[in-house]
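Quick note: the coordinates plus some simple rules give every number you see, no bench work behind them. Just so it is clear, the structure is predicted and the values come from calculations on it, not from any experiment. Cβ placement follows ideal geometry from the backbone for every residue including glycine, while neighbour counts extend to all protein chains displayed.
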Amino acid sequence: MTPVLLAALAAARAAKRAVVLATRLPDGAQHLLPDPAAPDALATAARQALREDASRTVALGGESWFLHVFNPPVRLMVVGAVHIAQALVPLAAPLGLGVTLIDPRRAFATEDRFPPARFPHVRLSTAWPDEAMDAAPPDSRSAVITLTHDPKLDDPALDRALKSEAFYIGALGSRKTHAARLARLRELGHDEAALARIRGPVGLNIEAVTAPEIALSILAEIVAVWRGAALVRPAAA
């Protein structure tokens, strides 16, 4: 790898930009994609590899290329630095999830409760959820979870999430709470297809009761959705 290409790869990873390092076999010629100078077929194969988050060898026009995918970490945006968040944050680290924890209530989103030395994968934000999500919008590698039960905090976050490409949107609360939440979001202009993206009550149904159990059920569902598992949720009561 040339110094110029190595520097470009390092810069892309520092900026959390998705790129593919394509190496032609066996002569070692390389492209860092996206690259306007790369052949169209190679660019198409790189986009497919990024979507599937999988490095691979491909045959293109009689040549073999190894496509090394460098995707940024899956991002978990959590609204509400509550006790469930305290249980969820440690479980997210070994899964490779970067966590943005949003709570404008300054007694909650504090370094005392979420020490940076223990949780380097967590970024704390005391902005209002809509402001935090406008500043760093969810994308196709983002999961959004609301945990506060407070419509002033949860609803703006869900509104922003529904307008984004977030692959997972979940909201804590009972079926009754969720039905009321959906009614409010309809008033904000969201149709039934959009509202069906919200997983509420959040998490897989494992009869979770404690905060760690609920956190486990949430992360299990996120992993299942991310990996494309077929999940059937019961109809809302």
Practice task
Calculate the length of the line joining the C-alpha centroid of region 81-107 to that of region 40-79, in whole Å.
Solution key: 29
Fill in the blank from the handout: Amide H neighbours of ARG199 at under 5 Å, excluding residues fewer than 5 places away on the same chain, with H built from the backbone geometry, are ILE169, GLY170, ALA171
Problem - Surface/4 estimate of mean projected area, convex hull on alpha-carbon atoms of region 3-70, nm² - result: 4.4
Exercise for the section: Compare the Cα positions of TRP65, LEU95, THR23 along the charge dipole of region 1-130 (+1 at Cβ of Lys, Arg; -1 at Cβ of Asp, Glu; about the Cα centre) and return the one farthest towards the positive end. Expected result: LEU95
Completion exercise
So, with points 7 Å from each Cα along the Cβ direction, the ARG105-VAL4 label distance in nm works out to 5.5
Completion exercise
With +1 at each Lys and Arg Cβ and -1 at each Asp and Glu Cβ, the charge dipole magnitude of the chain around its Cα centre, to the nearest 20 debye, comes out at 240
Practice task
Counting helices only, and only those DSSP H runs with n ≥ 4, report the 222 nm mean residue ellipticity of the chain as the sum of -39,500 (n - 2.57) divided by its residues, in deg cm²/dmol to the nearest 500.
Solution key: -11000 deg cm²/dmol
Exercise for the section: Can you give me the span-like helices of the chain, meaning DSSP H runs with 15 Å or more of Cα extent along the axis and Kyte-Doolittle mean at or above 0.0? Expected result: 3-14, 211-226
Practice task
Would you mind checking which residues have amide H under 5 Å from LYS163's amide H? H placed 1.01 Å from N; only 5 or more apart, or other chain.
Solution key: none
Completion exercise
Between (1) 37, 20, 16; (2) 26, 23, 21; (3) 29, 22, 18, the structure-derived semi-axes √(5λ) of the Cα gyration tensor in Å is (1)
